[in-house]
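Structure, as structure tokens:
Quick note: the coordinates plus some simple rules give every number you see, no bench work behind them. Computed from a prediction, not measured in an experiment: that's the story for all the values here. Positions of Cβ are generated from backbone atoms using ideal geometry, with glycine treated the same way; all protein chains shown enter the neighbour counts.
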Amino acid sequence: MSEATTTAVERKRPSLNINVRDYGLLGALLVIVALFQFWFTHGKLLSGGNPNFLISQNAYVVILAIGMVMVIIAGHIDLSVGSLVAMIGAVVALAMNKWDYPVWAAILVALALGAVVGAWQGFWVAFVRVPAFIVTLAGMLIFRGLAIVFLTGGTEGGLPRAFNQIANGWMPGWFGKFHDVDALTMVLGLVAVVAYLLGQWRSRAKLKARDLPREFFGVFVAKAVLTVAAILYVSYLLANYKGTPYVLFLLGVLVLAYTFVLNRTVFGRHIYAMGGNRFAAMMSGVKTKWVDFFIFVNIGVLTAIAAIVTTARAGAAVSSAGNFYELDAIASVFIGGAAVQGGVGKVSGAVIGALVMGVLNQGLSIAGVDAAWQQVIKGLVLLAAVAFDVMNRRRSGTA
Amino acid sequence: MSDLILRMTDIVKEFSGVRALDGVSLDVQRGEIHGICGENGAGKSTLMKVLSGVYPHGSFDGTIEFDGEPAEFRSINDSEHAGIVIIHQELALSPYLSIAENIFLGNERATNGIIDWPETNHQARLLLDRVGLGDKVTTPVLQLGVGKQQLVEIAKALSKNVKLLILDEPTAALNDDDSAHLLDLIRGLRDQGITSIIISHKLSEIRSVADNITVIRDGHTVDGFSMKDKDNSEQRLIRSMVGRPLDNLFPARESHIGDEVLRVENWNAFHPVDTNRQVIHDASFYVRAGEVVGFAGLMGAGRTELAMSLFGHQWGTKISGKVYRHGKEIDTHTVSTAIANGVAYVTEDRKRFGLNLIASVAANVTGANMSEVSSFGVIDLHDEISVAERFRNQLNIKTQSVLREVNTLSGGNQQKVVLSKWLHTEPEILILDEPTRGVDVGAKYEIYGIINDLAAQGKAIVVISSELPELLGVSDRIYTIAEGHITGDIPRAEATQERLMQLMTVGEN
């Protein structure tokens, strides 16, 4: 039966096409990390407190990139997140310092405010049909202005220690120490490894059961080995320092939750459908206006989380906080393989994109590169990543 | 007296193996108005694109002689330079620019790149006077109606010293007065020595304005006559246009027609931009269970507009009328309510309105009925793939996997994906708009088979098509629609292409 051979040959091609981008991205991240680790910083990038610092310092980019990737898949953009981080940071600090709210209440206020602001922008985009570029450009000005108005002195410091712990603390060492490393962190690392392997194995088994295209077994194993090694190595580095930062745990939860939302929920599917062909989505009964609206509510809430993390990290609300955060988030999403015209993008891509930006920030700083040159380099990396993507897509004929 | 301005001989044009033009010849005499007739898809537009250089010299076989010299146009610029200007059905004016700016767009009255406004406006004025348009030359084009925009296009053509003017369906979007004015203008230009080719579906109009007529069918020149000939009747035209034999293109079907399922009463809809133009006038029709009802109409007659305004008010404004299902009035004013009430609309433009081309077959198939494969907003990917596999088998969709992107599929298979999407909503009433457009012959036969199966299941089916043989092949009953009016309701047994064509081309009652 000659059909078997042709399908076997054909089966390989699409799976490779689909994954080239993901592997390329992951590979690029590894190459960048290796370059900095072994060359530019002479081993400092991944030593001592630096891995921990890398995570806490760049958590905001990951959080914002998750919200931004959904906005961009739907074919919009959000320029206001940086200013909104400053404004919500101001409100959360005032709530605790001036209005004597307990920490948990201040956090709830921040999240609610994020949702309200998101609803405000979503209203203009979805129902009045003002382009998101304009709505959020206006938001960028409005929220920055309000942040300055709220923080009359420009800064509101002296926040409760419990609040600052959110971005600067570590999870308690419940399992004690094992050979001088934090056991909880290693356990979490192992749990992640097992969950990852199970998930990968199950999805591969399902594809096999239906005889659907899947990766070569060798590639599959190599990917698994690399990923497991990376997870364990990072766990070890963190455990060797002070353990698992709270923010890392928060990031893990957000990444898993939003991967699920985009891949497995009707809401997520509607976002892709709208981005891919808005007319067709409308003609299929997708309530495109409401989807638009909730995408903005969602990024509002995520921006509030980013604001909490940023404010806690600094231990103070500053009216100039969050400057250029929108650009970091947008750059991460596009480095992560999202398409400018919408319809394409992944949470995992956005997170890796954010990590690329974070490693660049951190590595260049450690290597003592001037801040001005750091910007030049980040700009060139963004351009190169997207150019690579565009050329790649043109070659495979799906542009 | 055979002073030919244009002679096209044995033009053959292929698109990836399909012959759109298969030896078409066209002779046009200097100073005449030449009509070209043919069904949709006969090859008229392709022929005009060959002539105007859209398809460059060398991409087709055959010879073109223009103005006594062999013509080898490589682009539209070449053909315009030679004096051929084509005015398309969709006007190509820039809406925010003034009339004068549009006339000289790309051909500015300028010295060293600096526009000479007095000269521009003066020249524009002279041209507007020639076409009988009194508006100020500084008026932005978007303030003009379609009829006047058409005149601006002609003025633009005149500014390029046109020798041969080609008008593609010039009156399709015009009312009677504007049409009459336009036809007069073309006659006037003839007296000034400008030759015109006019492509039109409106046979009475062609016969009134043309000196000679060429009929194209299936990529061949099948007839040509002068209006001075003895037999110049509309019957001859229609016979030439549709005269293809009906072979066994359609799978056989026994109709079992039940009770009325869908009834639409007094449906009206207005153009969404030109909100005073009524496009659908008091349309009333019904469809019974197990019945396939055809809608025949020419391009621009309002077939798609009728369907899309019915389905979730996705086209038009000021929509009024009533929709009944089994005698009970139903709400179809949003897509969701229409789907919930058992109505499905398979679009004529699958790439624009039907598919997310960069998503998988499976995602497209479940796209209009996600609730069936999800619970509490979470999709069961297993279910989704099973559903997609079911339709893949049922409709014989050829793809390596249901997880492949839809844009890797052929046109016929894409069409089956759209059909699957709508069958997955489990509709009782299916409106199929050009279900076989851009689909090869084999897949067409399969789609007709699917339509028959659906009818056998007792669904009420509407098929909208520009191809009369297709309608005659699949329908139990055919409505004709002309200029937004339903002009006929003909049982299959009494329907002939000639009769349908007559009802489709009747003017404003």
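Does the range B:195-240 come out rounded, prolate or oblate by the C-alpha gyration tensor, with a ≥ b ≥ c the root eigenvalues, rounded set by a/c under 1.5 and, if not, prolate when a/b is larger than b/c and oblate if not? It is rounded, given that a/c, with a ≥ b ≥ c, falls under 1.5. Under 5 Å between amide hydrogens, built in the peptide plane, is the criterion, and for B:Y345 it picks out B:I431 among residues at least 5 positions away or on other chains. By the count of other C-beta atoms within 10 Å, a proxy for reagent exposure, A:H270, B:H313, B:H326 are ordered fewest to most as B:H326, B:H313, A:H270.
Shown here are the Rg and Dmax of the Cα trace of the protein assembly as shown, at 33.0, 109 Å.
Each of the peptides B:342-349, B:146-153 was scored by the mean count of other Cβ atoms within 10 Å over its residues; in descending order, highest first, they stand as B:342-349, B:146-153.
Only alpha carbons enter this Debye calculation for the range B:178-271, each as an equal point scatterer, and the log10 of I(q)/I(0) it gives at q = 0.10 Å⁻¹ is -0.51. Within the range A:266-348, the percentage of alpha carbon pairs spaced more than 21 angstrom apart rounds to 43%.
Among rounded, prolate and oblate, which fits the range B:197-344 when a ≥ b ≥ c are the square roots of the eigenvalues of its C-alpha gyration tensor, a/c under 1.5 means rounded, and a/b larger than b/c means prolate? Here the range B:197-344 falls in the oblate category. What is the calculated FRET efficiency for B:L97 to A:F127, with r their C-beta to C-beta distance and R₀ = 25 Å, to the nearest 0.05? That gives a FRET efficiency of 0.20. Here the range A:205-281 is described by how far its Cα atoms reach on the three principal axes: 53, 33, 18 Å, from widest to narrowest.
How far is helix B:441-456 tilted, in degrees, relative to the longest principal axis of the Cα atoms in chain B, given as a value from 0 to 90 rounded to the nearest 10? Rounded to the nearest ten degrees, it is 40. Kirkwood radius for chain A, taken over all pairs of different Cα atoms as the inverse mean of 1/r, rounds to 22.4 Å.
Report summary: the helix-based calculation at 222 nm, which adds -39500 (n - 2.57) for every DSSP H run with n ≥ 4 and divides by the residues of chain B, gives -9000 deg cm²/dmol. The three principal axes of the Cα atoms in the range A:65-129 give end-to-end lengths of 41, 24, 17 Å, sorted in falling order. Helix B:146-159 and the long axis of chain B differ in direction by around 40°, with both axes built from C-alpha atoms. Packing-based ranking of B:395-402, A:373-380 yields B:395-402, A:373-380, ordered from highest to lowest mean Cβ neighbour count within 10 Å. Remark: spin-label model distance A:W104-B:S336 equals 3.5 nm, labels positioned 7 Å along the Cα→Cβ axis.
Shape class for the range A:171-244: prolate, because the ratio a/c of the largest to smallest gyration tensor axis (alpha-carbon atoms, square roots of eigenvalues) is 1.5 or more and a/b beats b/c. Note on B:311-321: average number of Cβ atoms from other chains within 10 Å of each residue's Cβ is 1. In this label model, B:D176 and A:D211 are separated by 6.5 nm, measuring between points 7 Å along each Cα→Cβ vector.
Between 0 and 90 degrees, the angle of helix B:411-423 with respect to the longest Cα principal axis of chain B falls at about 50 degrees.
Peptide B:333-344 shows a mean partner chain C-beta count of 2 within 10 Å per residue C-beta. The tail of the calculated P(r) for the range B:408-509, taken as Cα-Cα distances beyond 21 Å, holds 39 percent of the pairs. Applying Stokes-Einstein at 37 °C and 0.692 mPa s to the Kirkwood radius of chain B, computed over alpha-carbon pairs, gives a translational diffusion coefficient of 132 µm² s⁻¹.
Shown is the FRET efficiency for B:V506 and B:F376, computed with R0 = 45 Å from the Cβ-Cβ distance and rounded to the nearest 0.05: 0.25. Diffusion of the range B:302-366 by Stokes-Einstein, at 37 °C in a medium of 0.692 mPa s and with Rh set to the Kirkwood radius over alpha-carbon pairs, works out to 252 µm²/s. The mean sequence separation of alpha-carbon pairs under 8 Å and at least six residues apart, normalised by the residue count of chain A, gives a relative contact order of 34 percent.
Each peptide in A:356-365, B:490-499, B:367-376 receives the mean, over its residues, of other Cβ atoms within 10 Å, and ordering these scores from highest gives A:356-365, B:367-376, B:490-499. Compactness check for the range B:1-122: Cα Rg over 2.2 N^0.38 Å is 1.27. Here the relative contact order of chain B, from alpha carbon pairs under 8 Å that lie six or more residues apart, stands at 14 percent. Model label points for B:S25 and B:R492, set 7 angstrom from Cα along the Cα-to-Cβ axis, are 4.1 nm apart. Here the Debye sum runs over all C-alpha atoms of the range B:4-242 as equal scatterers in vacuum, and log10 of I(q)/I(0) at q = 0.12, 0.14, 0.16, 0.18 Å⁻¹ comes out as -0.68, -0.92, -1.16, -1.39.
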